[in-house]
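> I have a structure I would like to understand better, so I am pasting it below and will then ask my questions one at a time.
The values are calculated or read from the model by the stated rules, or taken from the named source; none is laboratory data. Keep in mind that what you see is a predicted model, and the values were worked out from it rather than measured. Cβ coordinates were reconstructed from backbone atoms using ideal geometry, including for glycine residues, and neighbour counts include every protein chain displayed.
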Amino acid sequence: MRKEACLILSFFFLFLLAGCSPAATPHATGLGNGWEAERSLELSYAENFSVDYYAGGYALLSIVDGSRFLVVPQGASVPEGIAADIRILQQPIENIYLVATSAMCLFDALDGLSSIRLSGTAAEGWYIAGAQQAMEEGDILYAGKYNAPDYELILSENCELAIESTMINHTPEVKEKLEELGIPVLTDQSSYESHPLGRTEWMKLYAVLLGQEDLAEQLFAEQIAYVDSVSGQPESGKTVAFFYISSSDYAVVRRSGDYVTKMIELAGGEYVFDTPGDPDSALSTINLEMEEFYAAAKDADFLIYNSAIAGELTTLEELVAKNHLLADFKAVQNGNAWCMQENLFQETTQLGLMIQDIHRMLTESEADETLTELNYLYKLQ
């Protein structure tokens, strides 16, 4: 029996020493021309893309929607005999039409704004300073929303790649038209990642396009460190409601299981709403009648107002003006109503830091009423 146990332990330790992981193993579906992938990009959280590396610096991007792109190094030739579904992206990849707003901060962090020539968001719609400045100076041009692109401008600027959000699925004719014009379309699937850091890890995909893999690893490690700094600590025992009040006087809350609610849980809080919503719906929010919202959130320890949709607030008075019932809420009466800054949904690179901010709100605010050093949250006065 002892001999068998030792044998099992030996295999176990050999497995650990080998450092094997599914993410590091090349994927079965390759280029289709007999080339063998040397390795695959190791991913910690992202589940909706993969990258396989081939000799000579070639990299195959595979997206969960079935699309594939071969990144060809500058000066290298396109391999012969590759599968017909693979789109070619020859480095340097320039004049990108970026429609997926969550990706702009990733390009910014990777020093890749110069690769973007066209935007699906106007200058005033950006909270990322670098993107806004580039548009104001004419380095990035507005080329229309996802459902109404300016095809003439896009063609005149020699666009080499369109990066769309999943909203493009509502207007498939736009994607078809771009592809008819010879422009590859990559649909960012980061919004479907189950873990908040899975969204952040999409920077590794864009780093392959830009040749910035080392920088992406460094930046991603920083976000993991923020989460690790709070993950081993006891649960705060505090309940949190994350919401905004719509113009129709609904309380709009995040679906339970959504990445924002998971950020709250990772920070040590408990999300007060059990609102899974329709599993077949892609919507991340649910409208609640104020009476239902009142019943679920009146006794929540903390309120976080989602200003990214409804605009930033400064005072408790402004919050209560949204609906007079909020004056009865425990968090309002205790001064624990907070506001998330408007850049929440455009700062994909900083989700680890946001989790740390929420943790600090939960654990430090009662001891320090003047807590003002948070990056993405502030207390309503």
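> Please pick out the residue among Glu270, Glu201 that is outside the structural domain of Glu364 (by TED's automatic domain parsing) and of a type outside the set (S, T, N, Q).
Checking each option against the conditions leaves just Glu201.
> Does Glu176 satisfy the condition of being surrounded by fewer than 20 Cβ atoms within 10 Å (Cβ to Cβ), free of Cβ contacts under 8 Å to residues at least 60 places away in the same chain, acidic (Asp, Glu) and over 21 Å from Ser119 (Cα atoms)?
no
> Within the stretch 298-306, is there a residue that is at pLDDT 85 or above and more than 22 Å from Tyr378 (Cβ to Cβ)?
yes
> I need the full set of residues from the stretch 154-173 which are of a type in the set (Gly, Ala, Ser) and either buried (at least 21 other Cβ atoms within 10 Å of the Cβ) or over 23 Å from Ser50 (Cβ atoms) (or both), in order please.
Matches in the stretch 154-173: Ser156, Ala162.
> Would a scan of the stretch 95-106 turn up a residue that is part of a loop (DSSP other than H, G, I, E, B) and closer than 21 Å to Glu347 by Cα?
Looking for residues that are part of a loop (DSSP other than H, G, I, E, B) and closer than 21 Å to Glu347 by Cα, one finds at least one in the stretch 95-106, hence yes.
> Tell me which residues, restricted to the stretch 105-130, are more than 22 Å from Gln91 (Cα to Cα) and either over 18 Å from the mean Cα position of the chain (by Cα) or of a type outside the set (Ser, Thr, Tyr) (or both).
Gly120, Ala122, Ala123, Glu124, Gly125, Trp126, Ile128, Ala129, Gly130, listed by residue number.
> Is at least one residue of the stretch 218-228 touching a strand residue (DSSP E or B) at 6+ places or on another chain (Cβ under 6 Å) and over 30 Å from His324 (Cα atoms)?
no
> Test each condition in (1) crowded, with 16+ Cβ neighbours inside 10 Å; (2) closer than 18 Å to Ala46 by Cβ for Tyr127 and report the one that comes out false.
In the conditions (1) crowded, with 16+ Cβ neighbours inside 10 Å; (2) closer than 18 Å to Ala46 by Cβ, Tyr127 misses (2) alone.
> Sort out which residues of the stretch 242-266 are over 13 Å from Leu362 (Cβ atoms), touching a helix residue (DSSP H, G or I) at 6+ places or on another chain (Cβ under 9 Å) and not basic (Lys, Arg), and write them in order of number.
Across the stretch 242-266, the qualifying residues are Phe243, Tyr244, Ile245, Ser246, Ser247, Asp249, Tyr250, Ala251, Val252, Val253, Tyr259, Val260.
> How many residues, within the stretch 69-87, are within 19 Å of Asp188 (Cα to Cα) and in contact (Cβ under 8 Å) with a residue 24 or more places away in the chain?
Total satisfying the criteria: 5.
> Still on this structure, I have one more. Among the residues of the stretch 130-153, which ones are free of Cβ contacts under 8 Å to residues at least 12 places away in the same chain, under 15 Å from Glu179 (Cα atoms) and surrounded by 16 or more Cβ atoms within 10 Å (Cβ to Cβ)?
Asp150 - this is the single residue of the stretch 130-153 that is free of Cβ contacts under 8 Å to residues at least 12 places away in the same chain, under 15 Å from Glu179 (Cα atoms) and surrounded by 16 or more Cβ atoms within 10 Å (Cβ to Cβ).
> Shifting gears a bit: Tally up the residues in the stretch 58-90 that are in contact with a Phe, Trp or Tyr (Cβ under 9 Å, 6 or more places away or on another chain) and in a strand (DSSP E or B), please.
Total satisfying the criteria: 13.
Okay, residues lined up against (1) within 24 Å of the chain's Cα centre (by Cα); (2) under 17 Å from Leu110 (Cα atoms):
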position	(1), (2)
Gln132	yes, yes
Asn147	yes, no
His170	yes, no
Lys175	yes, no
Glu180	no, no
Ser191	yes, no
Lys204	yes, yes
Leu210	yes, yes
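> Among the numbered conditions (1) crowded, with 22+ Cβ neighbours inside 10 Å; (2) farther than 26 Å from Glu193 by Cα, tell me where Glu291 comes up short.
(1)
> If I filter the stretch 184-207 down to residues being β-branched (Val, Ile, Thr) and surrounded by fewer than 22 Cβ atoms within 10 Å (Cβ to Cβ), which single residue comes out as nearest to Ile116 (Cα to Cα)?
It comes out as Val185.
> Between Glu164, Glu136, which is within 19 Å of Thr348 (Cβ to Cβ) and of a type in the set (Asp, Glu)?
Glu164
> Every residue in the stretch 29-57 that is more than 25 Å from Tyr192 (Cα to Cα) and in a loop (DSSP other than H, G, I, E, B), please.
Across the stretch 29-57, the qualifying residues are Leu31, Gly32, Asn33, Gly34, Trp35, Glu36, Ala37, Glu38, Ala55, Gly56, Gly57.
> Just give me the residues in the stretch 190-231 being within 17 Å of Lys262 (Cβ to Cβ) and not in a helix (DSSP H, G or I), in sequence order.
Glu193, Ser194, His195, Glu201, Trp202, listed by residue number.
> Name the residues in the stretch 156-178 that are out of contact with any helix residue (DSSP H, G or I) (no Cβ under 9 Å at 6 or more places or on another chain) and more than 14 Å from Ile96 (Cβ to Cβ), would you?
Those that are out of contact with any helix residue (DSSP H, G or I) (no Cβ under 9 Å at 6 or more places or on another chain) and more than 14 Å from Ile96 (Cβ to Cβ): Ser156, Met167, His170, Thr171, Pro172, Glu173, Glu176.
> Give just the number: which of (1) farther than 22 Å from Ile183 by Cα; (2) modelled with pLDDT of 95 or more does Leu16 not satisfy?
The one condition Leu16 does not meet is (2).
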